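One structure is given below, encoded as structure tokens.
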Amino acid sequence: MERKNLVMFRSITSAMKAQEYLAKQGIRSEIIKTPKRKTDSGCGFSLFIPRSFSRAVTMLKNTGIPIIGIISEGESI
């Protein structure tokens, strides 16, 4: 089963910074490799965010950490 509620990053460093930021805000996440068919380059890392996804995305967009894509339960953004 494919995971939804992913925020995609180009590097592990960006994903780790985003995870640390969310943890400080009380939002749990897990770093995973981005599914190959979801990225142009075939590499990258994503944060899987099981709860408070919309809130987490809004918060991350305001951090300046570069996000390359978002996959929510309903659609790919």
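Which condition number in (1) exposed (fewer than 11 other Cβ atoms within 10 Å of the Cβ); (2) aliphatic (A, V, I, L, M); (3) at pLDDT 95 or above is the one that Ile77 fails?
For Ile77, the failing item is (3).
Quick one: in region 32-48, of everything that is closer than 13 Å to Leu6 by Cα and of a type in the set (Gly, Ala, Ser), which residue is modelled with the lowest pLDDT?
Gly44
The rows are residues; the columns are (1) of a type in the set (Lys, Arg); (2) in a loop (DSSP other than H, G, I, E, B); (3) surrounded by 12 or more Cβ atoms within 10 Å (Cβ to Cβ); (4) modelled with pLDDT under 95.
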{"position": "Met1", "(1), (2), (3), (4)": "no, yes, no, yes"}
{"position": "Thr13", "(1), (2), (3), (4)": "no, no, no, no"}
{"position": "Ala23", "(1), (2), (3), (4)": "no, no, no, no"}
{"position": "Ile27", "(1), (2), (3), (4)": "no, yes, yes, no"}
{"position": "Pro50", "(1), (2), (3), (4)": "no, yes, yes, yes"}
{"position": "Ala56", "(1), (2), (3), (4)": "no, no, yes, no"}
{"position": "Met59", "(1), (2), (3), (4)": "no, no, yes, no"}
{"position": "Ile70", "(1), (2), (3), (4)": "no, no, yes, yes"}
{"position": "Glu73", "(1), (2), (3), (4)": "no, yes, no, yes"}
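The values are calculated or read from the model by the stated rules, or taken from the named source; none is laboratory data. The shown structure was predicted, so the numbers you read here are calculated from the model rather than taken from an experiment. Virtual Cβ from ideal backbone geometry, glycine too; neighbours counted across all protein chains shown.
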